[in-house]
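Participant: Following this message is one structure expressed as structure tokens.
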Amino acid sequence: MRFLSCSMIYLFLVLQLQTLLVSSENIINGSIPVGESLTASESQQFSSSWRSPSGDFAFGFRKIQPNHGFTLSIWFDKIPDKTIVWHAQAVNTTTGLVPEGSKVTLTPDRGLVITDPRGQQHWISSLPPGSGSVSRGLITDAGNFRLLSKDSGEDLWLSFDHPTDTLLPTQVSQFSHDN
């Protein structure tokens, strides 16, 4: 009986480790499966993040000034300053920031969704109507976060289509000038 008990515990631990390795492998190469989430945490200036394959960029929550909350961002991850190159805009809070414990989840029907610790939704990636469901997210070596269609594999949403105050080398400006 004792042998059986130890064998079951060992099997359970091996399966858990295998699941962790598969999940980590998906996230390490920049590909994020539906259902994954990140949580804003005070324990460090940068909460857990999803990194591009090269490690040049990271996607996650970035703490903005002590006690002022977090923003969902993409930043240069290999430089000391961790410069933000993109952040979620129109976050539905008075400050535009979310509190510690907020979570971003990759969902099949709505894409990226930010909720606070009480479960209240504060931001959602805007998927085109009738676009189908999301198969996965992808943080690229160019610093672009992409949501891919389950049906076609094509882009449903791109962070590059929602620029903030920084343009990256492969990003096309969406602004035009009238002469």
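The values are calculated or read from the model by the stated rules, or taken from the named source; none is laboratory data. Note that this is a predicted model, so its numbers are computed, not measured. Cβ sites come from the backbone with ideal geometry, for glycine too, and all protein chains shown count toward neighbours. Heads up: the accessible areas ignore ligands, DNA and RNA and are worked out on the full protein's heavy atoms, side chains in. Shrake-Rupley method; radii C 1.70, N 1.55, O 1.52, S 1.80 Å.
Participant: Please go through the range 58-70 and give me each residue that is under 21 Å from LEU138 (Cα atoms) and open to solvent by 10 Å² or more (accessible area, probe 1.4 Å), ordered by number.
Facilitator: If the condition is that a residue be under 21 Å from LEU138 (Cα atoms) and open to solvent by 10 Å² or more (accessible area, probe 1.4 Å), then ARG62 is the only one that fits.
Participant: Across the range 44-100, which residue is nearest to the chain's Cα centre (by Cα) among those that are among the small types (Gly, Ala, Ser) and not in a loop (DSSP other than H, G, I, E, B)?
Facilitator: Among those residues, the one meeting the criterion is GLY60.
Participant: Which residues, taken from the range 129-165, are part of a strand (DSSP E or B), without any contact (Cβ under 8 Å) to a residue 40 or more places away in the chain and either of a type in the set (D, E, K, R) or surrounded by fewer than 14 Cβ atoms within 10 Å (Cβ to Cβ) (or both)?
Facilitator: Listed by number, the residues that qualify are ARG146, ASP155.
Participant: How many residues, within the range 29-67, are modelled with pLDDT of 85 or more and of a type outside the set (D, E, K, R)?
Facilitator: Pass one, the range 29-67, residues modelled with pLDDT of 85 or more: 30-41, 49-64.
Now drop any that are not of a type outside the set (D, E, K, R), which leaves 30-35, 37-41, 49-50, 52-55, 57-61, 64.
Result for the range 29-67: 23.
Participant: Do we have TRP50 as free of Cβ contacts under 8 Å to residues at least 60 places away in the same chain and open to solvent by less than 60 Å² (accessible area, probe 1.4 Å) here? Don't jump to the end; show me each part of the working.
Facilitator: Working: free of Cβ contacts under 8 Å to residues at least 60 places away in the same chain: no; open to solvent by less than 60 Å² (accessible area, probe 1.4 Å): yes.
The answer is no for TRP50.
Participant: Of all residues in the range 101-124, which are open to solvent by 60 Å² or more (accessible area, probe 1.4 Å) and over 15 Å from the mean Cα position of the chain (by Cα)?
Facilitator: ASP109, PRO117, ARG118, GLN120, GLN121
Participant: State yes or no: is THR83 among the polar types (S, T, N, Q) and farther than 13 Å from THR39 by Cα? Quick ask: steps written out before the conclusion?
Facilitator: Details: among the polar types (S, T, N, Q): yes; farther than 13 Å from THR39 by Cα: yes.
Yes, satisfied.
Participant: Over 18 Å from PHE59 (Cα atoms) and modelled with pLDDT under 95: which single residue out of PRO108, PRO128, PRO117, PRO163 fits that description?
Facilitator: So the residue among PRO108, PRO128, PRO117, PRO163 that is over 18 Å from PHE59 (Cα atoms) and modelled with pLDDT under 95 is PRO128.
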